[in-house]
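Notes for the one structure printed next.
The values are calculated or read from the model by the stated rules, or taken from the named source; none is laboratory data. All figures in this text were calculated on a predicted structure; none of them were measured in a lab. A quick note on method: Cβ atoms are made from the backbone with ideal geometry, for glycine too, and the neighbour counts reach across all protein chains shown. What goes into the accessible areas is simple: the full protein's heavy atoms, side chains included, and nothing from ligands, DNA or RNA. Shrake-Rupley method; radii C 1.70, N 1.55, O 1.52, S 1.80 Å.
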Amino acid sequence: MKTRISDRGSVWGTAALLAVLGACSPKATSVVNTPASTPVATATPAAPAAPAASSFQIPVEYYTLPNGLKVVLSPDHTAPTATVAAYYNVGFRNEPRDRTGYAHLFEHLMFQGSQNLGKMEFIQLVQKNGGTLNGSTRFDFTNYFEIVPAHKLETMLWAEADRMRGLAINQASLTNQQGVVKNEVRVNVLNQPYGGFPWLDMPQYANKNWNNAHNFYGDLKDLDAATLPDAQAFFKTYYAPNNAALAITGDFEPAEAKAWIEKYFANIPAATQPPKPDITEPRQEKEQRFTKDDKLATKPALAFAYHMPDRNTPEYYALILLDQIMLQGKDSRLYQAMVQKRGLTDNVSGGINYLGNAFNYSGPMLWMGDLVYDNTVKSDSVVSVLDQEISRLAKDGIDQNTLDLAVVKLRSNLYDQLSGFGRADMLASFALFDNNPARINELEAEFRKVTPAVMQRAVQEYLRPTNRTLLIVNPLAKS
């Protein structure tokens, strides 16, 4: 199926539900089953009284099997469905050198058959039982999930365990999926205007470490070079239980689910894991500007990116709130400045982690924004408005009322999505990256710790001009 994603980069917008449902592109999914505005008042409304700390707690039971599999259980009996989410700690950042796109290629191979299920039978099993499924490849994980009627939970656990235990990898399926992925690259990137802009392009320009800066969708030559032994070794190494997390949410009884997990997963052997690659990025000390020719684009476009603070630091939470203030919604400062006041464009979008959300990643990340504009508009005009708004932040700061508004805005999206697949996504991510899925209940408190002083510190360090990368699309197609 195909999914086009808009409203990119809010805490959940592209980011949680739809982006996770997709594959490695925020504009089109991987094949599993086969960006007029209304005027908005510019006056800042009085902030509501900061809401009391939420007493809502998501149930979290977390344990690890002897073979290293991390398991998270979170029952929710409001609807008769269950979600099974298997997350493997391998993504774009740690795929092999000279095998760009390999993590994504392997996502496809996981649907080509296992010990007890033939090619495409996993998909048929889910669909014939009234469920939905998908898989995706991201910076720091590859995930697979199914949402099924609650009474089919055991069936899905058996099926996920079957392919974790062993894939039926052969040369025919590898060759076939190499072709599928190469075609996906052509369709989603090479043969459409703004293909790969900026979600695929910007990491390659802004980052210096190969792990963060290579073409993770896959170079066609590298995709051709993948061999059957490569695939077999990749599976044995990275698809082991001690490199995975299993999250189950929905209408189930924990004791029963734990018995099924023990039955189907406990005897899958662990595997020796290679050393984790160094994915750190050096501190950027000079602004970078790049231009990309696009033979299919009729209008110019611009993207900006700033390196994010490390996860779980005070500045990290401050930048997530700043994203709400600057980019999310028609009341955001950049939308008001560029669309409403100056008419430079009809939309400005962006956020943190274009291939996921502000929470489901582990390594270095960028806060980005992008817009397409008319040929009569100069890129320097766009950059000038961005500079003015950043200077306003640095000079005037963010007061407590504005912070309170940002928290209200963020928590509304957050709790809405935690009633769906977003809950499983976050639980599995926090298990993989923090060994603490209970962090899901600590997020709101962390955002409430952000003060105007913390925000000012974050702006001064992370929104400085020397921490910025600009990418301009030069359109070569005629209107």
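In whole angstrom, note down how far apart the Cα centers of segment 222-273 and segment 327-357 are.
Computed from Cα coordinates, the inter-centre distance equals 39 Å.
Quick check: at a probe of 1.4 Å, how many percent of the accessible area of segment 93-144 sits on carbon and sulfur atoms?
Values: 720 of 1630 Å².
Within segment 93-144, the accessible surface is 44 percent carbon and sulfur.
For an R0 of 30 angstrom, estimate the FRET efficiency from the Cβ-Cβ distance between GLU253 and LYS119 and round to the nearest 0.05.
Numbers: r = 34 Å, r/R0 = 1.12.
After rounding, the FRET efficiency stands at 0.35.
Can you quote the Å³ per residue value for the convex hull of the Cα atoms in segment 384-479, rounded to an integer? Let's see the in-between values first.
Working: hull volume 19.7 nm³, N = 96.
Output value, Cα hull per residue: 205 Å³.
Order of 61-72, 207-218, 426-437 by packing, highest average Cβ count within 10 Å first?
Details: 61-72: 17.8, 207-218: 19.4, 426-437: 22.7.
Put in order of decreasing packing, that is 426-437, 207-218, 61-72.
So which lysines can LYS119 reach, going by Cα to Cα under 28 Å and dropping same-chain residues fewer than 8 places off?
Counting by Cα, and skipping residues close in sequence, LYS119 has these lysines nearby: LYS2, LYS27, LYS70, LYS128, LYS152, LYS182, LYS221, LYS236, LYS263.
Leaving out ligands, DNA and RNA, and with a 1.4 Å probe, what % of the accessible surface on segment 424-470 is carbon or sulfur? Intermediate results must be reported in sequence, preceding the final value.
Working: 820 of 1540 Å².
Summing carbon and sulfur atoms, their accessible area is 53 percent of the total for segment 424-470.
At a Förster distance of 51 Å, what's the computed FRET efficiency of ASP310 paired with LYS378, Cβ-Cβ distance as r, to 0.05? Spell out each step's value before the answer.
Numbers: r = 36 Å, r/R0 = 0.70.
Calculated transfer efficiency: 0.90.
Measuring with a 1.4 Å probe in the full set of protein chains, what accessible area per residue, in whole Å², belongs to segment 135-189? Can you show the working numbers first?
Numbers: 1580 Å² over 55 residues.
Accessible surface, normalised per residue, equals 29 Å².
With a Förster radius of 41 Å, plug the Cβ-Cβ distance of THR237 and ASN347 into 1/(1 + (r/R0)^6) and report the FRET value to the nearest 0.05. Please list the in-between numbers first.
Numbers: r = 43 Å, r/R0 = 1.04.
Rounded to the nearest 0.05, the efficiency is 0.45.
Give the lysines whose C-alpha is closer than 17 Å to that of LYS295, dropping any in the same chain fewer than 8 places away, or say none.
LYS478
Quick query: amide H of THR100 versus all other amide H atoms, modeled in the peptide plane; which residues come in under 5 Å with a sequence gap of 5 or more or a different chain?
Those lying under 5 Å, H to H, from THR100 are ASP219.
How do 369-382, 269-282 rank on mean C-beta neighbours within 10 Å, highest first?
Details: 369-382: 17.1, 269-282: 12.0.
Highest to lowest by the protection proxy: 369-382, 269-282.
Scan segment 263-366 for trypsin sites (Lys or Arg not before Pro) in coil per DSSP, keeping those whose Cβ has at most 16 other Cβ atoms within 10 Å, and list them by number. Before the final figure, lay out the partial values.
Details: sites: LYS263, ARG283, LYS286, ARG289, LYS292, LYS295, ARG311, LYS330, ARG333, LYS341, ARG342; in loops: ARG283, LYS286, LYS295, ARG311, LYS330, ARG342.
The qualifying sites are ARG283, LYS286, LYS295, ARG311, LYS330, ARG342.
Percentage of Cα-Cα pair distances in the chain greater than 44 Å, rounded to whole percent? Could you put the intermediate results ahead of the total?
Numbers: 14504 of 114481 pairs.
The share of Cα pairs beyond 44 Å in the chain comes to 13 percent.
Quick one: accessible area per residue over segment 263-413, 1.4 Å probe, rounded to a whole number of Å²? Please list the in-between numbers first.
On the way: 6330 Å² over 151 residues.
Value for segment 263-413: 42 Å² per residue.
Listed highest first by mean packing, meaning other Cβ atoms within 10 Å per residue, what order do 192-201, 226-235, 103-112 come in? Let's see the in-between values first.
Values: 192-201: 20.6, 226-235: 16.2, 103-112: 24.3.
The densest-packed peptide leads the list: 103-112, 192-201, 226-235.
Taking 0.36 nm per residue of sequence separation and subtracting the Cα-Cα distance, how much length would be gained by fully extending the chain between ASP399 and GLN192, in nm to one decimal?
Working: separation 207, 0.36 × 207 = 74.52 nm, distance 4.30 nm.
Taking 0.36 nm per residue and subtracting the Cα distance, the gain is 70.2 nm.
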